[in-house]
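One structure below.
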Amino acid sequence: MKHFIEVSDFSKEEIISLIEVGQDIMQNPAKYGDAMKGRLLATLFYEPSTRTRFSFEAAMLRLGGQVIGFSEAQNSSVAKGESVKDTIRTVACYADIAVMRHYLEGAPKLASVYSDIPVVNAGDGGHQHPTQTITDLLTIQMEKGRLTNLNVVLCGDLKNGRTVHSLVKALSKFENNTFYFVSPKELKIPDYIKNHIKDSLFFEMESLEDALPMADVLYMTRIQRERFADPEQYEKLKDSCVLTKHKMILAKSDMIVMHPLPRVNEISEDVDSDPRAVYFPQAKYGMFVRMALILKLVSEKENSAENHEEHRHELYSSCSNPKCVSNHEKLEKVGFGLLDKENHVYACEYCDTYYAV
Ligand code: NCD
């Protein structure tokens, strides 16, 4: 059974097909109006959300299905101390597919291991957000007409911004994309992402003005206050990357500005009326591509024989990342995948934290 925990769960062809189905749904919504009739989607949101949860719920309802779930874990048995493992085993008794957002890195992955229904990662801590990525890819395809040969400037909190991590992994599957990572040095893109895209061209910079003239796509992100251990550090960095109408003069006339939203103040409101600003259409595309995702996962589960894949590689006892789900649930072992044979680098199966041994 397939889950969607990170973008590499799908091949490039599967991602292209999702985008094509999303486009077809946009053009022929009536064709899909009953496709999920009689099926239930469960939304398990342990962290706040507007677009992701509403777009999943709207997606399922527009496919003729129904929705159950919680948007505040404190209203569920989580408040009584229930583990992620037990919650998903219970939800799988009622629903056909589950969408989980969690503040712990790797929680949806852990849920998928114990689930009899497809699990979708709707954002896990500062780690990954693959369904925002398929939203972003559909947006780029619609607005730029291609997913290749792009200069992509990513700006803001690249350390904690999970949407950036998943998007970069996905765009590196497509030919000839170049990445410009713009952030203060305290918020640089993690090493495991750089390792993942080592065959692509990328640059790390601190000035948005320097990168802007190159951009075909500018992807802005907010500084993620909730991921900072030190509030003073947040105050120091919160205004480090701000896009203004004035700076837009530096950009190409056919560049697009994207943002997963919510915006805090990293894009001034006077940019909203610029035709290059596509962050609100981007939110709308998200619903269509999530409809395509639900269709794919539910129909593949119903049409395929069960297979239990074994993902684990080398086994150690624990992960050193305090935000990793493996340090918050009772687990016997944590798997570490071998990333780099030569340098003996391993990564935690849940949160991708690096280990060189
Ligand atoms: C993002 C998220 O939750 O990671 N929002 C979203 O899903 N559209 C971005 C963010 O919170 O900054």
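Can you tell me which residue in the stretch 128-160 is farthest from the ligand (Cβ to nearest atom), limited to those that are open to solvent by 10 Å² or more (accessible area, probe 1.4 Å) and over 20 Å from Ile16 (Cα atoms)? My answer is Lys159. Scan the stretch 215-231 and give yes if some residue there is polar (S, T, N, Q), in contact (Cβ under 8 Å) with a residue 60 or more places away in the chain and surrounded by 13 or more Cβ atoms within 10 Å (Cβ to Cβ), otherwise no. Looking for residues that are polar (S, T, N, Q), in contact (Cβ under 8 Å) with a residue 60 or more places away in the chain and surrounded by 13 or more Cβ atoms within 10 Å (Cβ to Cβ), one finds at least one in the stretch 215-231, hence yes. When we screen Ile68, Ile117 for residues that are over 29 Å from Ala229 (Cβ atoms), in a loop (DSSP other than H, G, I, E, B) and among the β-branched types (Val, Ile, Thr), the only hit is Ile117.
Could you say whether any residue in the stretch 270-289 is among the charged types (D, E, K, R), in a helix (DSSP H, G or I), at pLDDT 95 or above and farther than 25 Å from His127 by Cβ? For the stretch 270-289, residues among the charged types (D, E, K, R), in a helix (DSSP H, G or I), at pLDDT 95 or above and farther than 25 Å from His127 by Cβ: present. Of Ser76, Ser55, all but one fail to be of a type outside the set (A, V, I, L, M) and either free of Cβ contacts under 8 Å to residues at least 40 places away in the same chain or open to solvent by 30 Å² or more (accessible area, probe 1.4 Å) (or both); the exception is Ser76. Taking the numbered list (1) of a type in the set (A, V, I, L, M, F, W, C); (2) in contact with a strand residue (DSSP E or B) (Cβ under 6 Å, 6 or more places away or on another chain); (3) not in a loop (DSSP other than H, G, I, E, B) in turn, Leu138 passes all entries but (2). Across the stretch 41-54, which residue is farthest from the ligand (Cβ to nearest atom) among those that are under 14 Å from the mean Cα position of the chain (by Cα) and part of a helix (DSSP H, G or I)? Among residues in the stretch 41-54 that are under 14 Å from the mean Cα position of the chain (by Cα) and part of a helix (DSSP H, G or I), the one farthest from the ligand (Cβ to nearest atom) is Arg53.
So, in the stretch 327-357, exactly how many residues are of a type in the set (A, V, I, L, M, F, W, C), surrounded by fewer than 13 Cβ atoms within 10 Å (Cβ to Cβ) and assigned to a loop (DSSP other than H, G, I, E, B)? So the count comes out to 1.
The values are calculated or read from the model by the stated rules, or taken from the named source; none is laboratory data. The shown structure was predicted, so the numbers you read here are calculated from the model rather than taken from an experiment. Virtual Cβ from ideal backbone geometry, glycine too; neighbours counted across all protein chains shown. Side chains included, ligands, DNA and RNA excluded: accessible areas come from the protein's heavy atoms. Shrake-Rupley method; radii C 1.70, N 1.55, O 1.52, S 1.80 Å.
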